[in-house]
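Here the structure comes first, spelled out in structure tokens, and everything after it is commentary.
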Amino acid sequence: MAHQVRTVHADRLLAAPGREPAQRNAQIALRDGTIESIGPGNGKADIGGPGTLVIPGLADAHDHGRGLRRLAFGGTDDALECWMISTFALHPQVDPYVTAAIAFSRLAMAGVTSVVHCHSNVFHDLKTEALETCRAARDVGIRI
């Protein structure tokens, strides 16, 4: 199996935000999606370029993994107790893998790489939903 090697040119690299200053003109070598090395830029890269800021993956400290937004099924934003009633009473039964994959994909597209998943959709048995949610996270490439 051939290894995929890619390079990223970062105009600014925040490798350790709050602990180290931004590095300028950095080159990041990736092998099969894993950082292999970071060094000075040479101007040749597959991704990035002038104006590119590279930061560590973001974390979402509280998410329910819902693929459908409440407004899509008539749920409203209100006080917690009212909001929960409308969410659970109106939410259609959906495939747990699909709904988690949609939610996790949205997070990944926004730069989130890890999430504390607070599971609350139970339309099937909990074990099935938990396994399907974990499978969706693995397939999307996000840590839960």
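The values are calculated or read from the model by the stated rules, or taken from the named source; none is laboratory data. Not measured: the values here are computed from a predicted model. For the accessible areas, the whole protein counts, side chains as well, though only heavy atoms, and no ligand, DNA or RNA atoms are used. Shrake-Rupley method; radii C 1.70, N 1.55, O 1.52, S 1.80 Å.
Each residue in the range 115-140 was checked for being open to solvent by 50 Å² or more (accessible area, probe 1.4 Å) and under 28 Å from residue 53 (Cα atoms), and 3 of them qualify. Where strands (runs of 3 or more DSSP E) fall entirely within the range 1-114, none has at least 2 residues that are hydroxyl-bearing (Ser, Thr, Tyr), open to solvent by 50 Å² or more (accessible area, probe 1.4 Å) and over 30 Å from residue 129 (Cα atoms).
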